[in-house]
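The values are calculated or read from the model by the stated rules, or taken from the named source; none is laboratory data. The model shown is predicted, which means the values in this text are computed figures rather than measured ones. Note that we place each Cβ from the backbone using ideal geometry, even for glycine, and neighbour counts take in every protein chain shown.
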Amino acid sequence: MQSESGKATDILTIDTGMRGDQAITGAFIVRGEKTALVETGPKATVDNVLSGLAEAGVESIDWIVVTHIHLDHAGAAGTLARRWPEARVAVHELGAPHLTDPSKLWASARRIYGDAMEELWGGIDPVPSDRITVLSDGEVIALGGRTLRAVETPGHARHHHALLDDSTGALFAGDALGVRLPDVGINRPATPPPEFDLDQAIGSIKRIRDLDAESVWLTHFGPSDRGVNPATPAEACDEAIESLSRWDEWVRAGLKQSREPEAVTRFVVERSREALESSLGPREVDRLELTTSYSMNVSGHMRAIDRAEAPSTS
């Protein structure tokens, strides 16, 4: 459990312990007169979230808020909703149906993770439809003395919101800025198939930058101004745009040599290690792979490139 310095002193970070490692995926406690949990982690680590809430003295939750419905962000939403039957679950309007009936979400993830699904994610419990509050761009969750405002930020996924805390100026970025682990200090984009869109992702980051937030909090992991290479919100946004653009260039260059995903991934690994990761130890590189792998990112870029270059049917 961590409390933060600066204006966001009453925001607490729970380390979900995802994949058995520390500082990979966070959930955040935001308290006004009511209490919100922003992000849930996967169901596989829900006991760690419950322990973190108990350590913080949180006896009940009024709101369970997710930036998007991917399993590392919302996988425990249904489980926590059962634990606190009065809590509302707030989610993007495009994601809401998949929390009510997560069968398609689970099947889509299985195509990526295969036999590792249960170990990684631990299943997913549905959220009753009458417990869900659907959020659109600009809508707010009132916590009493502070609000969380939904900010439409597609690109990583169509069903993605960032959330701006008006009390502290803290912005919970979900995966819109990719991954920035405090002990690694470099940005790796998060570009999973099938919905990743480069132009939308960059547009969303620019929107976040224009909000002039006091701090940005990445689900992977924590405020950008902590760790070995601290960055202001504007610096973190610029770094994320540069990272996305660099990966797009690498994937396109790899595709000129081969259309095989494995070959393109090997090409990107070589470029990334030459440009960014030569100064990192094996432990740091492995930690990046725990959050978003080379192969997944390359697959997302390849899908997006193929989609953009497909002949128009109109």
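Name the single residue, out of those in region 290-304 being among the small types (Gly, Ala, Ser) and surrounded by 16 or more Cβ atoms within 10 Å (Cβ to Cβ), that is farthest from residue 252 (Cα to Cα).
The first filter runs over region 290-304 and keeps only residues among the small types (Gly, Ala, Ser), leaving 293, 295, 299-300, 304.
With the extra rule that they be surrounded by 16 or more Cβ atoms within 10 Å (Cβ to Cβ), the set shrinks to 295, 299-300, 304.
Numbers: 295: 15, 299: 12, 300: 12, 304: 11 Å.
That would be 295.
Give region 280-309 a look and list any residue that's of a type in the set (A, V, I, L, M, F, W, C) and within 18 Å of residue 258 (Cα to Cα), or say none.
Here is the first cut: in region 280-309, the ones of a type in the set (A, V, I, L, M, F, W, C) are 280, 285, 288, 290, 296, 298, 302, 304-305, 308.
Scanning region 280-309 gives 296, 298, 302, 304, 305.
Listed by first and then second residue, the pairs linking a residue in region 78-101 that is of a type in the set (Lys, Arg) to a residue that is at pLDDT 95 or above and in a loop (DSSP other than H, G, I, E, B), with Cβ atoms under 8 Å apart and 6 or more places separating them unless they lie on different chains, are 82/125; 88/62.
What is the residue count in region 159-194 for residues that are among the hydrophobic types (A, V, I, L, M, F, W, C), under 13 Å from the mean Cα position of the chain (by Cα) and not in a loop (DSSP other than H, G, I, E, B)? Explain how you work it out, then say what you get.
Pass one, region 159-194, residues among the hydrophobic types (A, V, I, L, M, F, W, C): 162-164, 170-173, 176-177, 179, 181, 184, 186, 190.
Filter once more, so that each one left must be under 13 Å from the mean Cα position of the chain (by Cα): 162-163, 171-173, 176-177, 179, 181, 190.
If we keep only those that are not in a loop (DSSP other than H, G, I, E, B) as well, we get 162-163, 171-173, 179.
Qualifying residue count, region 159-194: 6.
Does residue 287 satisfy the condition of being of a type in the set (D, E, K, R), under 19 Å from residue 23 (Cα atoms) and buried (at least 17 other Cβ atoms within 10 Å of the Cβ)? It is true that residue 287 is of a type in the set (D, E, K, R), under 19 Å from residue 23 (Cα atoms) and buried (at least 17 other Cβ atoms within 10 Å of the Cβ). Evaluating residue 99 against the criteria (1) farther than 29 Å from residue 170 by Cβ; (2) at pLDDT 95 or above leaves one unmet condition, (1).
Yes/no matrix, rows are residues, columns are (1) among the acidic types (Asp, Glu); (2) out of contact with any Asp or Glu (no Cβ under 7 Å at 6 or more places or on another chain):
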{"position": "222", "(1), (2)": "no, yes"}
{"position": "234", "(1), (2)": "no, yes"}
{"position": "238", "(1), (2)": "yes, yes"}
{"position": "250", "(1), (2)": "no, yes"}
{"position": "276", "(1), (2)": "no, yes"}
{"position": "291", "(1), (2)": "no, yes"}
{"position": "296", "(1), (2)": "no, yes"}
{"position": "301", "(1), (2)": "no, no"}
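If only residues of region 195-212 that are surrounded by fewer than 24 Cβ atoms within 10 Å (Cβ to Cβ) and assigned to a loop (DSSP other than H, G, I, E, B) are counted, the one that is modelled with the lowest pLDDT is 195. A residue that is farther than 16 Å from residue 225 by Cα, of a type outside the set (Phe, Trp, Tyr), out of contact with any Lys or Arg (no Cβ under 8 Å at 6 or more places or on another chain) and surrounded by 24 or more Cβ atoms within 10 Å (Cβ to Cβ) occurs nowhere in region 164-173.
Among the residues of region 112-140, those identified as of a type in the set (A, V, I, L, M), within 21 Å of residue 79 (Cα to Cα) and at pLDDT 95 or above are 124, 127, 132, 134, 135. Only one of the numbered conditions (1) buried (at least 23 other Cβ atoms within 10 Å of the Cβ); (2) in a helix (DSSP H, G or I) is not met by residue 148, and that is (2).
I'd like to verify a number: residues in region 109-127 that are touching a helix residue (DSSP H, G or I) at 6+ places or on another chain (Cβ under 9 Å) and closer than 25 Å to residue 21 by Cα, how many?
13
Helices (runs of 4 or more DSSP H) fully within region 248-314 that include at least 1 residues being of a type in the set (A, V, I, L, M, F, W, C) and in contact with a strand residue (DSSP E or B) (Cβ under 8 Å, 6 or more places away or on another chain): 282-291.
Could you identify the single residue in 268, 264 that is crowded, with 17+ Cβ neighbours inside 10 Å, closer than 20 Å to residue 179 by Cα and touching a residue at least 24 places away in the same chain (Cβ under 8 Å)?
Numbers: 264 fails: closer than 20 Å to residue 179 by Cα.
Result: 268 is the single residue among 268, 264 that is crowded, with 17+ Cβ neighbours inside 10 Å, closer than 20 Å to residue 179 by Cα and touching a residue at least 24 places away in the same chain (Cβ under 8 Å).
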